[in-house]
Amino acid sequence: MCKQVIDEIKEEKIDISSILEKAGRFQAWMYLLSCLPAIFVSMLSVNFVFVAGHVNHRCRVPECEGTDSTFLPTWWPSPQIDSCSRPILNESLVGLDPVCTNTSFTDRVEICTDWVYENNDTVVADLNLGCQPWKVNFIGTAHGIGMIIAMLGSGYMCDRIGRKPTLIICAVGCILGNLKIIAKSYNVYVFLEFLEGAISTGSYTAGAVLLTENSNAKTRILAGVVFAYAIYMGEALFAVVAMHVPNWKNLLLIICTPSALFLSYTVLLKESPRWQIINGKIKDAKETLKTIARVNKLKIDAKEIDDVTEDELRKVFNLNKKNETESFKEMFRSREILKRLVAGITWRLAASFIYYSLVINSVLLPGDKYTVFLLTALTSFPGELISMYLMNKIGRRKPLMTGFLVCGMTCVASAYVPEEYRWVKICLFLFGKLLVSACYTGTVVYTMELFPTSVRGSCVSLCTLASCAGSMLAPLTPALTVISPTFSSYCFAFIAMLASALLIITPETKGTPLLDTIYQLNLSVQKAKELKKGTGPKATDTQVPETNAVNPA
């Protein structure tokens, strides 16, 4: 993969317009810096799986124990009593010495509100959440709600204050997770979980946009795969760390504290030159272009970059006039943008919903919970390689269309395999997860390419918002088995086939340059329609037209 990023730079002199299209060491460095926060954020996104994991517990019997209670006392009457029921003492024996023996209780039980835990490895014990599964599950939901806020806010911040500062703010925000260690009440803990998600998860949007805008047409898929691998690596690393550090407080310290190092990004990370140019920061853009040329060892005179005028620089990169900004109002005024938004939102919702539903249902597989979680994360890696190969070789639309369709069919087929053929069910499960992993990355890259630079952050954040909604709905799928054992599988199939069908209405983006404004997008769509009808120019190239005219919208 590195060979695709660090291409061999030709010795002949190049012009300014080629700086962003020549991949080299600068892009590799930006890839690394953009992906590191994703590793830590992905660990925080799934932290509740182990931090708020199940702990064996029993009801406390205050008449028989003090503050130093043990989980398995010798006087406990029967191991058949469930963890939420307390045995009732025989009143006729109260006051006798000793009171508590195996024969000191009646056959009756009652619901209790206080518990003794096997250990304090999770927050369930520290916050006394025994027999309250809805409270435990809501911890993950609170993080998901925070993710929705993050997607809305980070997209706006990316387009207004820049990709770089947004990434730094969100990445450093991971350190807030340490505050959960000192939370003394459930409400405070849930609020901190929400706040953690609302701030840190914005790193996904900022990092993904930076990766895309630092890539050329040939390496965009690679950028998406690298970013997805960073997320999967975070999940796998989290399982390994949790396996060796079971105590939830120590675990949070290990995964949250290093995020303070992302303050160094103020010096190490470079802003997207596309964003700088379109927002009138021409001096900064020139410095970034000179840095790219120097690091990639491109044969271009720095004075040539300094001498280029603002209008010439905008013309080179096919941008409109100075300080032209495109707001939400203009974004929603474009029928083409709206069409792509509907499709992109559906793709991201489908991919996220199916992916996380399969992850949640993977706990049905036998084995140690840490090992099972690790294997679940690792099975996503082959999907990314398939996605990169097919989308570079064939294009974006056909592989995604086929992937969603086959994934839906696989989910339904798995539901009808008899239990005695368990290995067949497992193989179908893993194959479906592999396909949806490939589709997940594919939709991330494809939606990045469909929207222009001026509103890319906002549009991508809306699509990522749908992805968060999918991950929030996924925990509900096990409850659907009450209706029918196959109902959830049909839900997967329906949304997968809907996503596949919507790929018909969007254009192929393989090998095409990134558009920078809504005006360029509308103009390119209009010319494509004219060409299809035979009324437009017969040119076969896909170059974006140079547009120095003010957007009529």
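The values are calculated or read from the model by the stated rules, or taken from the named source; none is laboratory data. The structure presented is a predicted model; accordingly, all values stated were derived computationally and were not measured. Positions of Cβ are generated from backbone atoms using ideal geometry, with glycine treated the same way; all protein chains shown enter the neighbour counts. The protein model used for the area step is the full one, side chains on, heavy atoms only, and it has no ligands, DNA or RNA in it. Shrake-Rupley method; radii C 1.70, N 1.55, O 1.52, S 1.80 Å.
Here are the numbers for this structure:
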| quantity | calculated |
| --- | --- |
| Long-range HN-HN contacts of R86 with modeled amide H, under 5 Å | E110, I111, C112 |
| Linear extension gain, D307 paired with L263, 0.36 nm per residue minus alpha-carbon span | 12.5 nm |
| Over the chain, equivalent-ellipsoid semi-axes from the Cα gyration tensor in Å | 52, 26, 19 |
| Pairs beyond 32 Å (Cα-Cα), from K299/K329; K180/K369; K339/K433 | K299/K329 |
| Length-normalised contact order for the stretch 152-233 - Cα pairs under 8 Å, 6+ apart - percent | 34 |
| Three-way shape call for the stretch 28-167 based on the alpha-carbon gyration tensor, with the a/c threshold at 1.5 | prolate |
| Where GluC sites (Glu not before Pro) fall in DSSP loop in the stretch 68-169, at most 15 other Cβ within 10 Å | E118 |
| Label-to-label distance, nm, for residues given as R160 and F381 (7 Å Cα→Cβ offset) | 4.1 |
| Farthest positive-ward along the chain dipole, Cα basis, beta-carbon charges - from V61, M497, V136 | M497 |
| Expected 222 nm ellipticity per residue - DSSP helices of 4 or more, -39500 (n - 2.57), all of the chain, to 500 | -19000 deg cm²/dmol |
| Approximate spin-label separation F332-K184, in nm, with each point projected 7 Å along Cα-to-Cβ | 4.6 |
| Shape category assigned to the stretch 159-253 from the gyration tensor of Cα positions, a/c cut at 1.5 | oblate |
| The stretch 371-410, accessible surface, carbon-and-sulfur percent (1.4 angstrom probe) | 78 |
| Kyte-Doolittle at least 1.0, axis length at least 15 Å by Cα - qualifying DSSP helices, the chain | 25-45, 220-244, 422-450, 453-473, 487-502 |
| Listed residue (N361, I88, L127) projecting farthest to the positive dipole end of the chain, Cβ model | N361 |
| Under 20 Å from K281, Cα to Cα: lysines that are on another chain or at least 8 residues apart | K164, K270, K290, K303, K315, K321, K322 |
| Nearest-20 debye value, the chain charge dipole, Cβ charges on Lys, Arg, Asp, Glu | 2260 |
